[in-house]
Every structure is written in structure tokens, then in C-alpha cells.
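Worksheet for the structure shown next.
Here, each number is a calculation from the coordinates, and none is a lab measurement. Just so we're clear, the structure is a prediction, and the values are computed from it rather than from any experiment. Counting neighbours? That spans all protein chains shown, and the Cβs are built from the backbone with ideal geometry, glycine included.
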Amino acid sequence: MSEALSVSSSSQHANDQRRQSVKPHKKRWRHDNWMGYLFISPWLIAFFAFTFIPIIASLVLAFTNYDVLSPTWRWVGLENFERMFTRDPRYIKSLQATFFYAFTAIPLRLIFALAVAMLLNTNRRMVAGYRAAYYAPSIVGGSVAVAVMWREIFGRNGLINAVFGTDVAWLGNPNTAIWTLILLAVWQFGSPMLIFLAGLKQIPREFYEAASIDGANGWQQFWRITLPLLTPIIFFNLVMQLISGFMVFTQAFVITGGAPLDTTLFYALYIYQRAFVSLQMGYASAMAWVLLIIIAVLTVLVFRSSSYWVFYSSQED
Amino acid sequence: MRHKFWLLLAVLTTIALVFAACAPAAPAAAPEAASQPAAGGDGKIELRIAWWGSQNRHDRTIAVIEQFEQLHPNIDIVYEFAGWGDYWTLMSTQAAGGNLADIMQQDYARLEEWVSRGLLAPLDDFVADGTLNFANVSESSLAGGRLGGKLYGVNLGTNSMTIVIDADKLAEAGLETPNPDWTFDEFERVATELHEKLGIYGFTGNLTNEQLWKNIYLSLGQWVYNEDGTGLGYEDDQPFIDYLKMVKRLQDAGVTQSREQEIAAGGSVETDLIVTGQSAMTYVWSNQIVALTSAAGEGRNFILLPMPRPAGGASANYLKPSMFFSITSQARHPKEAAMFIDFFTNNVDANKVLMAERGVPVSSEVRAALEPLLDAPQKMMFDYIASIESSVSPIPPPDAPGHADLINNVYWPLVIDPFMFGQQSAEDAVRILREEANIVLAAAAR
């Protein structure tokens, strides 16, 4: 990076110098590099203090029984990992809840995002205004305030019960609670929508013109032109959403707290509960590392599968 | 390669400098500082206090802190407060960082865990030298703060659980006020009749709460945990099975809210349906009566009764220290901390601000001074505590170190909820409780 910077910023004068001799230039480069690291040192410090060192610490903790309050802790080997899969029914439930959520909410959100993106990919008046309006939920959607609002909407005296005249405990019923969270996730379709929209704008008009001359209807155009040309965008969105889907926390933490019957006990929420409520840092760290492995494996699978369904137009050339 | 070495050195030096700049904030070398009035540059002592509670409590406590600062201009008090759940997360994190406040509010359920980890300091020296003056405090009020013969927490108020009955609904249904020594059978009958005659909930308030489980065994002269906190302290599961079956009957008959609705509603005194007249009875801790009645508004009449007991049992109530002030072992100014706790306990003016918000004060002098100032709900609370004082069961030992883990990871998710949602029988629920409790409690006590 710093090399690129120094090249791009170098003036004609510098180029002359380079031609004259190599040695002074090398010295200069070294100096720039040094300064560069110094300038990004605030970032480096924060990275080491808040990311790198905690990551290493959690890896070590995963093999201990560290519980925050006790001054001492013990090396327990693989006990934490063994406990997860053999002696913790709640862990299995949290896996079920997370997988169910990820495999329902993510496809629904992507489908919805694509549908709205196609609606907005027209040249009607006010389309920019709609774009901003539809993107807004994603900006605020992850926030605590929206989660609190959601809880009120689905509360006993909330909007849904008032509008439909029902008296359903949406957040207390094991069959409905997770769907309120999935609905919230689908509503936050804004960022994949924007990416889809950008992708749609890349598709050349001529393809559609040619297709309609050949008599293809809208539906055929969508399946034969739009979707294949959009697969790289779908792929990107899928990977990003998959990763964030497995790390969902705020919504469940605020709206349901994992209840009822642990049907909304998402993985990250359970890690939080074990770490900061039960203070079992070792166990929670072990869970976090298993989550990393789960996400990594799923991401690799999606990447591997991409050669079968992702279509890059450049390959055709 | 040499420039890389210098680069690394520069980065490490910068990191070291930043951490060095942060270091004074982390009181790793605190112990020596305790005796010297260090801290602020102007020679002021900085005392840190932490508590949990509602906005009402925050306002009152801060006002008392200001009173204390005026009396002791050399002491500067820094305070932090939070709600119940966040408070314990905050305190645990501070404890791990060696950065605990001087005074922290403690709870009877957590006291043993914190003492067993060496995080609280014994207060007996301050009692001996008179910094903490308990001349007007009875031994029974202090007993809850003693562990292994040493005092680790000063009781800030006395509390007990109570059934709140809407007197007007009771009259409307043509029912007599039950006796204070009522049993669960009578309770079930009254709740059911209230529901059937008035068409409202007979009882709201969470009957599956672990407090009720504890009350049952307390009433039978036992305790839910064994002496060393490694397992359950009772052999006979039948009383709890009978109780769970009663709770399920009440739920299925619509006398109480379903577990579904309970979860969806969340728990807070102000949102209890008795407030809006949609329920005839509930239960609260006695200090919450003030919040409940003020939420219910003017013109309401409530009766307070002790908790119902299993047939043949003794009182299911005990006098619980509502909360404590403890001095932490990481405190920099334990002496000044003790002075503040003494002020909080004994000073009449301070207690006129606090107005028994944390429960009935332990000092008899303070109680006498507050008596004429009490409004109706506060008087109800004082009278209720006075009325049960002579008949309550003795205070049980503090909860086992594994209590919180057991409740969060076993009691609710594996025992109560599957039972209330009809996924397992009462017998299975209780069997799972016993099996898992022995594992969880033994692991925590280790």
C-alpha cells in the first residue's frame, strides 16, 4: 500500500531522481514506510489491544475453566468441547435455533431484497426517494431501539393484536416467537437490495431488447437473463448474509431473550449468557471457536459450490 | 532487515506508551494506597459506590451521597448504577479487572459466591472500633450478612414476600379474607373462585419462580441446597411435584396467565395485571408494594397476606435482607467506605431521603423517626413486616455458589418451561432438576 502511495504521489521531480540513482530512492522508500506504520499506529494499537490479543486469549481460555471471579483457573483440555455436544441440551437447542433462523431468514431476505431491487430498477419518478426509504430500515434495523419497537408491536397489547383483533402471545409461543425475529430480519433487506440494484444496472439493456424481439416474456427474461447474470452478486450477498446470520444477537437479546423453550436461543446469545451471566468464560470461548469453525465450513461449502451455479460473463469471452 | 527491527521497536514503544498512560487507572498496586489519602491532586479521597435499582432508587441514593459529601468535604464520591442484570455483568467484569468499587450493593443470593472468591472484605474490625455503629440494630437483622462468623454485608432493609389481594374484588366475589396461615389448597380454591365469579385472572405473578420452590422446602423445615452447596438439600420431591401440578391446573383452567403470556409480557411490578384490575391477586416483595400501589392509582384497596404454605408446613416466609452494602477486598478506602455505610444505616436525615425504598430500615431509631412520615403504602409495608416478624421461619443459608447457573441453565430451560408447555410430566421435571442440580452445584462448589 505504502509503495502504491509513494508512487502515485511522486512528482515528476521524483521520477527524475529515480532515473539518476536507485540508492537515494530506496532510502526514501524506507523512510516513508516507517512513517506510514507510525501514522497507522493508532489503528495497530487498537487492533492488537481489542482484536488480536482477545482472539488469542479466547483461544487459550477455551481450554480452561476460567470463571472471571475466581483468581485461579485450571487447564481442562477438551472438556469444554466435549460438554457442548454431550452434556448440554441447551447447546443443541441453540444450534437448532440458529440453523433454522439462518436457513429461513437469509433466503427470504435475499428474495425480498431482489424483488424490491427489481421494482426500483426503473426510471419512474421519485425512484431515488423510494430507494432511500427502503434502505432506511437496514440502517436502524440492527439497533436496540427497533428491537424494542418490535417487542411492542408483537406484545400482548401491541399493534398486531390490535389490528387483527387477536390475543396471541407472539413472543411467548414456541411456534411463533422465532418468526417475529425472521420477519424483522427480512424487513432489513436494505443493504443486499442496494448491492442487487447495482448488479441489475450492470446488465446491458441490449440483452433484454434482443430477448423481447425473440419473443421472450418478462418471466423468461428474468430466468434466462437477469438471474444468471446476477449470480456473482447473489453469491456475494449469500456469503455476507450467511456470516452475519450466524452471528445474530441484538434482536434475540432484546426481543425474546432466547425464550420460549429456547426456540430463539441464538448461538451468539447463548455465548453471551454463558460468558456474562453464568460467567463461564472458558466454556463460552470454546463455543465461540466452534462457531468460527461452523461459519468457516459453511463459507467454504458455498465457495466450492459456486463453480456450479455462479456465472461470470468474463469466462465467456 | 534492520529497518524492520526499528519499525517494530517504534510500534512496540508506542503501544507501551499508550498502555503506560492508561496504567494509573488500573489499580493493580492498590493495597498500599489504602492508607494514604492519595487519589485526587487536591488531597481529596475518592470513594466509589455501585448499586442496582430503579430510577427512584438512583435519585434517592444520589441525594444521600450529596449529604454525605457535605458532611465530609475531603471525600469525593463517584457512583455507578445499573439495572439488576447489567449490574452483575458490570461488577463481574470490574472484579476480573481488579477495579471494583469500594462499596458495592450485594444480594443474599450472591453473597456466598462473592465471599468464597475472596472479593469481599469482613467488616468486623469496623464494628469493633465503632466506625459501624449497630447499637440500634437487632442481631437478627444483621445475621443474613454473616458468613462463617464474619460480617460481609450490612443489611439495608428488611423484606419478605407477600400475596397482594385486591380487597374490592374479594368483596365482589363474596369471599372472606383468608387466614394468614393459609395453605396451597386454600390458595387454589380462592384463586379459582375469584376467576370463576369475576371472569378475570384469579392470580397473576409468576408461580413457577424459583422463590416459590424455595419457600415450599423452607416451610417444611428444610432447605433446597445442602450445607456445602454441592447438591440439593432435600430428599422428598413429592411436595414440589404436588405444587407444580397445582400450578399447571391453575394455568389450564385459565385462573392464571399461561406461561406463554407470562414470557411475552416480561416481569415488572408496574405491568402486573392487578394494576389494571384484570387480576385479583399477585405476589411481590414487600418493598415493591410502594411501586405497585402507586402504579394502581388512587382509590384502590389492597390486603397483604403471607405466602401460602404446603399442608402441615410452618410459615413459608422469612425476613430477608433486601440487599446489602459490602466493602470489596479491592477497596482503596475501606475506612471511609465503612463511614458511609454507617451514615446510610443510622443517619435519620439520610433515611428521610431514602424513605425505606430498600425495605424496612434495620435501625430502630430510624424506624421510629420515619413512622410519622410514612404514606399509606409505606405504612402497609411496615405493618406487614411487623405482623409476620414473630411467626416467620428462620432465614435460610445464602444460596449455593452454583445457584445462578442452576436457575439460568437448568431450572427455567430444562425443568419449568418444558413442563409448563406440556412437554414433560411434573415427575420428569423434578427428576431432571435433581440430576442436573447435582452436577451444576458440585461443579460450582469445586
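Which residues does a label at residue B:335 reach in the stretch B:68-95, if reach means a backbone N under 20 Å from a point 7 Å past the Cα toward the Cβ?
B:68-78
Quick one: work out the % antiparallel among DSSP beta bridges in the protein assembly as shown, nearest 5.
On the way: 24 of 36 bridges.
Rounded to the nearest five, the antiparallel share is 65 percent.
Scale the Cα Rg of the stretch A:37-108 by the rule-of-thumb value 2.2 N^0.38 Å and send over the ratio, two decimals.
On the way: Rg = 18.1 Å, N = 72, 2.2 N^0.38 = 11.2 Å.
Against the empirical 2.2 N^0.38 Å value, I get 1.62 for the stretch A:37-108.
Dividing the convex hull volume of the alpha carbon atoms of the stretch B:196-306 by its residue count, what do you get in Å³ per residue? Before the final figure, lay out each step's value.
Numbers: hull volume 14.8 nm³, N = 111.
Taking the convex hull of the Cα positions in the stretch B:196-306, it is 133 Å³ per residue.
Can you give the extra length, in nm with one decimal, that the chain gains between residue B:128 and residue B:44 once fully stretched, where that is 0.36 nm per residue apart less the Cα-Cα distance?
Numbers: separation 84, 0.36 × 84 = 30.24 nm, distance 2.63 nm.
27.6 nm is the gain from fully extending residue B:128 to residue B:44.
Based on the Cβ-Cβ distance from residue B:285 to residue B:79, what FRET efficiency comes out when R0 is 25 Å, to the nearest 0.05?
With a Förster radius of 25 Å, E is 0.60.
Compute the normalised compactness of the protein assembly as shown: alpha-carbon radius of gyration over 2.2 N^0.38 Å, N being the residue count.
Working: Rg = 31.7 Å, N = 763, 2.2 N^0.38 = 27.4 Å.
Relative to the 2.2 N^0.38 Å estimate, the protein assembly as shown comes out at 1.16.
Under 10 Å, Cα contacts only: if you run a Gaussian network model on chain B, which one of B:309, B:358, B:117 comes out with the highest mean-square fluctuation?
Most flexible of the set in this elastic network: B:117.
Where does each of B:162, A:176, B:271 land when they are ranked from fewest to most other beta-carbon atoms within 10 angstrom? Walk me through the intermediate numbers first.
On the way: B:162 25, A:176 17, B:271 14.
Least to most surrounded, the residues fall as B:271, A:176, B:162.
Tell me, in nm to one decimal, what length is gained between residue B:138 and residue B:235 on full extension, where the rule is 0.36 nm per residue of separation less the Cα-Cα distance?
Separation in residues times 0.36 nm, less the Cα-Cα distance, equals 31.5 nm.
Against the longest principal axis of chain B, how steep is helix B:426-445, in degrees 0 to 90 to the nearest 10, with axes from Cα atoms?
With both axes taken from Cα atoms, the answer is about 20 degrees.
Given the -39500 (n - 2.57) contribution per DSSP H run of 4+ residues, what per-residue ellipticity at 222 nm results for chain B, rounded to the nearest 500 deg cm²/dmol?
Working: 20 runs with 202 residues, N = 446.
Dividing the helical sum by the residues of chain B leaves -13500 deg cm²/dmol.
Taking 0.36 nm per residue of sequence separation and subtracting the Cα-Cα distance, how much length would be gained by fully extending the chain between residue B:86 and residue B:177, in nm to one decimal?
On the way: separation 91, 0.36 × 91 = 32.76 nm, distance 3.98 nm.
Length gained, residue B:86 through residue B:177: 28.8 nm.
Work out which trypsin sites (Lys or Arg not before Pro) in chain A are exposed loop sites (DSSP not H, G, I, E or B, at most 15 other Cβ within 10 Å) and give the longest gap free of them. List each step's numbers first, then the result.
Values: sites that count: A:74, A:87, A:124, A:125.
That would be A:126-317.
Per-residue counts of other Cβ atoms within 10 Å, averaged by peptide: what ranking do you get for B:139-147, A:50-58, highest first? Don't skip to the answer; put the middle values down first.
On the way: B:139-147: 17.1, A:50-58: 12.2.
In decreasing order of mean packing, B:139-147, A:50-58 become B:139-147, A:50-58.
Give the long-range amide H neighbours of residue B:77: residues separated by 5 or more places, or on another chain, with amide H under 5 Å away, using H modelled in the peptide plane at 1.01 Å from N.
Residues meeting the criterion, in which the H sits 1.01 Å from N, are B:47.
Tell me the Kirkwood radius of the stretch A:106-259: reciprocal of the mean inverse pair distance over distinct alpha-carbon atoms, in Å.
Working: mean 1/r = 0.0573 Å⁻¹.
When all Cα pairs of the stretch A:106-259 are included, the Kirkwood radius is 17.4 Å.
With an 8 Å cut-off on Cα pairs and a minimum separation of 6 or more residues, tell me the relative contact order of the stretch B:78-222 in percent.
Working: 59 pairs, mean separation 17.3, N = 145.
Relative contact order for the stretch B:78-222 comes out at 12 percent.
Sticking to Cα atoms, compute the Rg of chain B to one decimal and its Dmax as the biggest Cα-Cα distance, whole number, in Å.
24.6, 94
I'd like the FRET efficiency for residue A:111 and residue A:60, computed as 1/(1 + (r/R0)^6) with the beta carbon distance as r and R0 of 30 Å, rounded to 0.05.
Values: r = 42 Å, r/R0 = 1.41.
With a Förster radius of 30 Å, E is 0.10.
Under 5 Å between amide H atoms, partner at least 5 residues away or on a different chain: which partners does residue B:146 have, H built in plane at 1.01 Å?
Result for residue B:146 returns B:152.
Taking the Cα centre of the stretch B:378-431 as origin, work out the dipole magnitude from +1 charges on Lys and Arg Cβ and -1 charges on Asp and Glu Cβ, in debye rounded to 20. Could the numbers behind the result be given before it?
Numbers: 2 positive and 7 negative charges, 20 e Å.
The dipole of the stretch B:378-431 has a size of about 100 debye.
Using 7 Å Cα-to-Cβ label points, what is the residue A:96/residue A:222 separation (nm, one decimal)?
Result for the modelled spin labels: 3.5 nm.
If one puts a single equal scatterer on every Cα of the stretch A:180-300 and applies the Debye formula without solvent, what log₁₀ I(q)/I(0) results at q = 0.10, 0.12, 0.21, 0.22 Å⁻¹?
Treating every Cα as an identical point scatterer, log10 I(q)/I(0) equals -0.49, -0.63, -1.17, -1.22.
Taking Cα pairs under 8 Å and at least six residues apart, what relative contact order does chain A come out at, in percent?
26 percent.
Students often get this wrong, so check it: of B:352/B:379; B:214/B:320; A:93/B:245, which have C-alpha atoms separated by over 19 Å? Each step should come with its number before you reach the end.
Values: B:352/B:379 14 Å; B:214/B:320 13 Å; A:93/B:245 26 Å.
Check vs 19 Å cut-off fails for A:93/B:245.
Using only the alpha-carbon atoms, how far is helix B:334-346 inclined from the longest principal axis of chain B? Give it as 0 to 90 degrees, nearest 10.
On a 0 to 90 degree scale, this one is about 30.
Taking other Cβ within 10 Å of each residue's Cβ, how do B:412, B:114 sort, fewest first? Each step should come with its number before you reach the end.
On the way: B:412 21, B:114 26.
The most exposed by this proxy come first: B:412, B:114.
Could you tell me the distance between the Cα centroids of the stretch B:379-446 and the stretch A:29-80, to the nearest Å?
That distance is 39 Å.
Top mean-square fluctuation among A:199, A:77, A:155, Gaussian network model of chain A, C-alpha springs under 10 Å?
Result: A:77 has the largest fluctuation of those listed.
Label points 7 Å out from Cα along the Cβ direction at residue A:35 and residue A:130: separation in nm?
Spacing of the two 7 Å Cα→Cβ label points: 5.1 nm.
At 15 angstrom or more along the helix axis (alpha-carbon based) and mean Kyte-Doolittle of -0.5 or higher, what helices does chain A contain? Whole DSSP H runs only. It would help to have the intermediate numbers written out before the result.
Numbers: long enough: A:23-39 (24 Å, -1.81); A:89-120 (46 Å, 1.25); A:127-141 (22 Å, 0.57); A:177-187 (16 Å, 2.34); A:190-202 (18 Å, 0.91); A:227-246 (27 Å, 1.74); A:281-309 (41 Å, 1.59).
TM-like helix candidates: A:89-120, A:127-141, A:177-187, A:190-202, A:227-246, A:281-309.
Express the relative contact order of chain B as a whole percentage, based on alpha carbon pairs under 8 Å and six or more residues apart in sequence. Walk me through the numbers before you get to the answer.
Values: 681 pairs, mean separation 111.0, N = 446.
Reported as a whole number, the value is 25 percent.
What is the set of long-range amide H partners of residue B:159 at a cut-off below 5 Å, with H atoms built 1.01 Å from backbone N?
Counting only residues 5 or more places away or on other chains, the set is B:320, B:322.
Cross-link candidates for residue B:44: which aspartates and glutamates have Cα within less than 18 Å, leaving aside residues fewer than 8 places away along the same chain?
Counting by Cα, and skipping residues close in sequence, residue B:44 has these aspartates and glutamates nearby: B:32, B:66, B:69, B:76, B:102, B:336.
Describe numerically, in nm with one decimal, the distance between label points set 7 Å from Cα along Cα→Cβ at residue A:187 and at residue B:270.
Label-label distance for residue A:187 and residue B:270, simple model: 2.4 nm.
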